[in-house]
């Protein structure tokens, strides 16, 4: 029997992959706190020793099906069509989690849920997966989970429940990583920063979005996933990345509204092109965090 040993919301935007001097130039001499935050997340992963990372990928948009990437291995070179000057010819080579992926599909079929396992090793991973692999992976197997653009809130909950059950039925220790931003409204090309430090949250697209993000961060600190899920329409209005699929699926795998896993910020709350970003770790303790 497998178990979930930890979980996190993790920022992944391409600027995090730039050289340090370029990142500091953006921050008016200050680096983004998300870089140090990756090291803190890795420390917490080391403490719980997962053998598999399930990454809920807000850039892998699927249509009419929930998908998981279940090939035994992924190798290749990635150039982003969105921002090729930040991510160009990035090599990747990592083990997949085919047994877990196959179990996901089997449970989906049992429950008549539209989810399938993609076993084609030529499937190109998206950078919401690859950036986390680069910053956080050591030797863990990786299972990417898509964000179905034709799904509604209840469908994301159902898919997360499938993931949680598949983990329970498959031997292993799994950490869940919700790869994406919070509010995800972009500033336009003519935006003039309100603060020359690019990362300052005053540069988030709207004060209302920043205020909502801070409310959600506080609710996660308290472990109130029930309240966050009940407020999903507000998250959708603020265009949470991937329509919030990364968080909703992760939370559902952890028990949904019954989950009380408390969140610890591992970075500051920051801006990136108008979007709200933070790393938050959730301690998952048997009998306490999910009940």
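Here are some notes:
- Every residue from segment 1-20 that is out of contact with any strand residue (DSSP E or B) (no Cβ under 7 Å at 6 or more places or on another chain), part of a loop (DSSP other than H, G, I, E, B) and under 20 Å from residue 130 (Cα atoms): 18, 19
- Among the numbered conditions (1) over 13 Å from residue 129 (Cα atoms); (2) touching a strand residue (DSSP E or B) at 6+ places or on another chain (Cβ under 9 Å); (3) outside any loop (DSSP other than H, G, I, E, B), the only one that residue 23 does not meet is (2).
- Members of segment 26-38 found to be within 19 Å of the chain's Cα centre (by Cα) and either surrounded by fewer than 13 Cβ atoms within 10 Å (Cβ to Cβ) or not in a helix (DSSP H, G or I) (or both), listed by number: 32
- Single match in 101, 128 (criterion: within 19 Å of the chain's Cα centre (by Cα), closer than 30 Å to residue 274 by Cα and at pLDDT 95 or above): 128
- The single condition among (1) without any contact (Cβ under 8 Å) to a residue 40 or more places away in the chain; (2) on the phi < 0 side of the Ramachandran plot that residue 29 does not satisfy is (2).
- Filtering segment 49-70 to residues that are over 18 Å from residue 174 (Cβ atoms) and either outside any strand (DSSP E or B) or touching a helix residue (DSSP H, G or I) at 6+ places or on another chain (Cβ under 9 Å) (or both) leaves 58, 59, 60, 61, 63, 64, 65.
- Just one of the listed residues (194, 291) is modelled with pLDDT under 95 and surrounded by fewer than 18 Cβ atoms within 10 Å (Cβ to Cβ), and it is 291.
- Condition met for residue 94 (touching a strand residue (DSSP E or B) at 6+ places or on another chain (Cβ under 8 Å) and surrounded by fewer than 21 Cβ atoms within 10 Å (Cβ to Cβ)): yes
- Residue list for segment 39-52, filter: crowded, with 17+ Cβ neighbours inside 10 Å and closer than 16 Å to residue 134 by Cβ: 41, 45
- Identity of the residue in segment 53-70, surrounded by fewer than 24 Cβ atoms within 10 Å (Cβ to Cβ) and under 20 Å from the mean Cα position of the chain (by Cα), that ends up nearest to residue 181 (Cα to Cα): 59
- A single entry from 172, 160 fulfils the requirement of being touching a residue at least 24 places away in the same chain (Cβ under 8 Å), under 20 Å from residue 107 (Cα atoms) and either buried (at least 24 other Cβ atoms within 10 Å of the Cβ) or under 17 Å from the mean Cα position of the chain (by Cα) (or both): 160.
The values are calculated or read from the model by the stated rules, or taken from the named source; none is laboratory data. Fair warning: this is a prediction, and the values are worked out from it, not measured in the lab. Counting neighbours? That spans all protein chains shown, and the Cβs are built from the backbone with ideal geometry, glycine included.
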